Amino acid sequence: MSPTNFNLHETEFQRIQAILGRMQNELRAQLVLLISRSGQPIVISGPAENIDCTSLASLAAANLAATDGLASIVGEREFSVLVHQGRRRSIFISDLLKKFSLVLVFDSTASSGLIRYKCKRTTLLLEDVIRDFQKRIEKAERVMSIPQFSDEEIEELLGEVKSQ
Amino acid sequence: MYYGPGLGGKTTNLQYVYQITSTENKGKLISLATETERTLFFDFLPIDFGQIRGFRTRFHLYTVPGQVFYDSSRKLILKGVDGVVFVADSQEERLDANLESISNLAGNLKEQGFDIAKIPYVLQLNKRDLPNVVPAEDLKQQLLIKGEPVIEAVAMKGVGVVPTLKAVARQVLVELRKSA
């Protein structure tokens, strides 16, 4: 499965959303995201007050990518969990099968030990869903259901008049 | 992905796109840069292009740091790339830097499993307004890889920036259509 080209069916999306929602409630996290390693937010759970999830996803993916680089330099296979502790809010980032990441934003009332424990459990549940849709994609003839849009439609999207 | 030698105009391209895009169609422009505004890790700008057959299309524009010693960062950011804009610095004294950067791009793409000959790719010849530039045809001959679109630009003034973005977006969409 390409890290950037895949699609989720609604049932898979709902399974993931349920897992993230449960985690968010149990930990009273402000935000829980599943993101791709290329920095795309895939499923978001939480009120996300004033948090730019697009930028958060991109930066979290870059953070993990940079950390992979650091691990390689010091002879480690990976640093699969990152915690950034702030005064009011903290961020927890965890790798999922090297293709996705789990990102949590939580406030200072949450216990980081409990978060690590719950994340470990949630990671296993998410990995099951991801493996299921990986198998589906491997069996399918085509990765994505993209309609065959025409050149004219592309030009219209790009706001140009197609030249004759 | 905007690629190219240091101080060639990659970040300037993104800054212009950010400036001219309406608020509802853009996210934040994130710039991870040094105190002297040299790109340290990347710039990032999400842009909404609108809908095509009911599909919302969003492009994530990234730049890489151009300075030679940031190669390990460039490799990380290239993962998962869909298309590349090479921003060439048209000044005579930067010709070697352009050539080195293209070679670096080809090598880094290969490491990621991409082929520069096959990936959506546009060549932008930037800084065309400066007095010491290589003639466009000569520069094109030196830097052209595969008959890709070549667009002359003055990114500081916004000239050529949008045509460049549209050219690479077009190729990315055509490639996406082929993969379906």
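The numbers here are math on the coordinates, done by the rules we state, and not lab data. What you see is a predicted model; the values in this text were computed from it and never measured. No Cβ is skipped: glycine too gets one built from the backbone with ideal geometry, and neighbour counts run over all protein chains shown.
Some observations on this one:
- Cross-link partners of residue B:178 among lysines, defined as those whose alpha carbon lies under 16 angstrom from its own and excluding same-chain residues fewer than eight positions apart: B:118.
- Surrounding net charge for residue A:123, when Lys and Arg each add one and Asp and Glu each subtract one, Cβ distance under 13 Å: +4
- Relative exposure of A:92, A:133, B:86, judged by other C-beta atoms within 10 Å (fewest first): A:133, A:92, B:86
- Of the trypsin sites (Lys or Arg not before Pro) in the stretch A:83-122, those whose Cβ has at most 12 other Cβ within 10 Å and which sit in DSSP loop: A:87, A:88, A:98
- C-alpha center-to-center spacing [the stretch B:123-180, the stretch A:56-109] in angstrom: 35
- For residue A:30, nonlocal amide neighbours, meaning residues 5 or more places apart or on other chains whose placed amide H falls under 5 Å from its own, are A:105, A:106, A:107.
- Among A:108, A:58, A:36: highest mean-square fluctuation, GNM of chain A, C-alpha pairs under 10 Å: A:108
- Here is the list for the stretch B:5-91: GluC sites (Glu not before Pro) lying in DSSP coil, each with at most 13 other C-beta atoms within 10 angstrom of its C-beta, are B:35, B:37.
- Computed on the stretch A:10-158, with alpha-carbon pairs under 8 angstrom and 6+ residues apart, the relative contact order is 22 percent.
- Set of aspartates and glutamates with alpha-carbon distance to residue A:118 below 12 Å, sequence-local pairs under 8 removed: A:26
- The Cβ shell under 13 Å around residue B:37 holds other residues with a net charge of 0, Lys and Arg each +1, Asp and Glu each -1.
- Shown for A:72, A:94, B:22: other C-beta atoms within 10 Å of each C-beta, ranked fewest to most, produce the order B:22, A:72, A:94.
- Other-chain or far-sequence residues with amide H under 5 Å of residue B:7's (modelled H): B:66
- Remark: chain A carries a charge dipole of roughly 1080 debye about the Cα centre, counting +1 on each Lys and Arg Cβ and -1 on each Asp and Glu Cβ.
- Integer Hz, Karplus 6.51/-1.76/1.60 couplings in order for the stretch B:129-138, x for Gly and Pro: 8, 7, x, 9, 8, 5, x, 4, 5, 5
- Remark: relative contact order (the stretch A:19-80) = 23 percent; criterion is Cα-Cα distance under 8 angstrom and separation of 6 or more residues.
- Ellipticity estimate at 222 nm from DSSP helix runs (n ≥ 4, -39,500 (n - 2.57)) divided over chain A, nearest 500: -15500 deg cm²/dmol
- Cross-link partners for residue A:120 among the lysines, with Cα-Cα distance under 30 Å and sequence neighbours closer than 8 places in the same chain left out: A:98, A:99, A:135, A:139, B:75, B:79.
- Of A:85, A:14, A:148, the one that fluctuates the most in a GNM where chain A has Cα springs shorter than 10 Å: A:148
- Around residue A:134: net Lys/Arg minus Asp/Glu count, Cβ-Cβ under 13 Å: +1
- Built amide H within the under 5 Å cut-off of residue B:26, gap 5+: B:48
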